[in-house]
Amino acid sequence: MKAFVLAAVIATLGPAATTFGSYAWPSSYDEIEDIYSLRQGYEARLLGDKVASCGVDGGAESQAPDWLRVAFHDMITHDAAAGTGGLEALPFPQSVRCRPLGLGVVAAHSACGGITNIPYRFGHIDAQSAGAAGVPQKHDPVTKMADRFAAAGFNQADMIALTACGHSLGGQHGPDHNHGLVEDDEEAEHDETAEEEEDEEPHDEEEEHGEELENFDTTPNGFDNLLAIEYLDGTSKSPLIVGENATTNSDARLFASDGNVTMVAVAASQATFESRCCKFFARMIDSVPSSVRLSDPLEVIDIKPYITGLYLNAASDIVFAGRIRVLTTEGPSVGRDPNDLAVRLARTSRLDVWSSDLIDTTCVGDAYGPFGEIFAWYEFETFIEDGITRFNIHLAVPSTGEKTVYDNGGLDYPVEYKLLYQTAESCVAWEAVDGARVMTAVVSVHNEFALLPLKMDLVRHERRQGSIKRTLVKVVISFTRTTEERGD
Ligand code: HEM
């Protein structure tokens, strides 16, 4: 029997909060792992091609240097001794869904040719108050810069090397450059408050000069040690090394401050540069308040299901639709050739009895990860009459008969079918009114639970005094039971 009662709620839209732990599906790792892993191809996420694009000439199209610089400015607020300040979750308020700052650094590095997999631990949070002031300025004396780095936990050699790593990309921009990362066009366009907040973004005094991008080295879109080489052999054209005004030649001052010892080491080999910079970048993105616990390093997941549809249709059948993502980098040698691979799902009924009918999938395309990973996507859509509580994923190689069952580490993949989100009957208003967009959510509730109160936790943005970043506030909203019933 499948009888459902419909309930609805009207609310304003907000993002979901994230937690973390070891991976088992479903997990709060899922969204961040997608952003990390799916850089190009089918179902690729924005981070790969737009947000962390490296550009062809390091010019205005290049977002990677912005990510790196914004992350540095955020990190340098860290006070290691006090355990305060440091890298936050997100650089700008409208970026909640897809712009974790630390991940931006990891993506920027690989987008610009970096070959090392920088461990990315997530769990950064947004600061509730301003961190330590004092982002180093190009006219600062070396002692002042060194004091700020030291407070953040970086000694003089670290400071020189980290700056040489950062200034391997990009350059000095003209006054129109806003140092804002690429906006989520759709969100920003339809979120009136986002535009207002852009205006509030403070501009560094160092950006007030110059009209064009002046590159720091001859490969502003390549993550390499050329900056150090050009600095040492006297061919550098960097505005921070050979600029007309000696006071603002901060790199020249900084690099020479230990008698060039660090710069000689950085220039010695690309391999040393790469490994040293990656260690510093990892330290930079792990510089967080002592109250923050970061996760273990994120890893690409081998087999990952996605449920894209689970709802009651007009005929009162449960529609169960989704995708399975299979890591196929190793190819035929490990039975992962998409041309010779059948992916099926086994499922239970609502009484938890395994059905003998497997759900077929269709291979629909590939996606590509940051370090040569290849994923094949398989999609399915089926109608279920007798409910579902869990499923497993079956991989078969038709040419050899080899079969493997993936059961979520022994847990099976759980499905909650007694509370279904009615996607087609729910909506979010396109236009904002008084800064808020109205959302109507409709869910069907199995009649077993129909008389119980139903509530939704909604997390929404709210402005804060004295900060350009909005805070996230949870509100609990009650659903109203409708008179509609479906099923028998
Ligand atoms: C004492 C230390 C530092 C000073 C004084 C400094 C200063 C500057 C200045 C003046 C610019 C040009 C800004 C503009 O006109 O657009 C710049 C750009 C940049 N900085 Fe630094 N910086 C320092 C350290 C760092 C570090 C440690 C990193 C990263 C790890 C970094 C990453 C960058 C990047 C990637 C750019 C290029 C941005 C772009 O092209 O959009 N900087 N920095």
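Computed values, structure above
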| quantity | calculated |
| --- | --- |
| Exclusive hit being assigned by the TED database to the domain that holds LEU411 and either surrounded by 19 or more Cβ atoms within 10 Å (Cβ to Cβ) or assigned to a loop (DSSP other than H, G, I, E, B) (or both), set SER316, SER236 | SER316 |
| Test: residue in the range 441-459 that is touching an Asp or Glu at 6+ places or on another chain (Cβ under 7 Å) and either surrounded by 14 or more Cβ atoms within 10 Å (Cβ to Cβ) or more than 22 Å from GLY309 (Cα to Cα) (or both) | yes |
| Matching residues in the range 378-415 - criterion: being among the acidic types (Asp, Glu), over 30 Å from GLY335 (Cβ atoms) and touching a strand residue (DSSP E or B) at 6+ places or on another chain (Cβ under 8 Å) | GLU385 |
| Residue ID - nearest to GLU416 (Cα to Cα), chosen from residues in the range 438-484 that are at pLDDT below 90 and touching a helix residue (DSSP H, G or I) at 6+ places or on another chain (Cβ under 8 Å) | HIS461 |
| Options GLU88, GLU31, GLU43; residue that is among the charged types (D, E, K, R), modelled with pLDDT of 80 or more and in a loop (DSSP other than H, G, I, E, B) | GLU43 |
| The range 144-160 - residue that is farther than 19 Å from ASN260 by Cα and not in a helix (DSSP H, G or I) and, of those, farthest from the ligand (Cβ to nearest atom) | GLY153 |
| In the range 250-286, residue surrounded by the fewest Cβ atoms within 10 Å (Cβ to Cβ) [restricted to those that are in contact (Cβ under 8 Å) with a residue 12 or more places away in the chain and farther than 25 Å from GLY222 by Cα] | ASP258 |
| All positions within the range 47-69 that are buried (at least 22 other Cβ atoms within 10 Å of the Cβ) and modelled with pLDDT of 85 or more | ALA64, PRO65, ASP66, TRP67, LEU68 |
| Complete set of residues in the range 232-249 that are within 37 Å of the chain's Cα centre (by Cα) and touching a residue at least 40 places away in the same chain (Cβ under 8 Å) | SER238, PRO239, LEU240, THR248, ASN249 |
| Selection within the range 330-339 - surrounded by 15 or more Cβ atoms within 10 Å (Cβ to Cβ) and on the phi < 0 side of the Ramachandran plot | PRO332, ARG336, ASP337, PRO338 |
| All strands (runs of 3 or more DSSP E) inside the range 368-472 with 2 or more residues being of a type in the set (A, V, I, L, M, F, W, C) | 374-384, 390-397, 419-421, 438-446, 455-464 |
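The values are calculated or read from the model by the stated rules, or taken from the named source; none is laboratory data. The model shown is predicted, which means the values in this text are computed figures rather than measured ones. Reconstructed Cβ throughout: ideal geometry from the backbone, glycine too, with neighbour counts over all protein chains shown.
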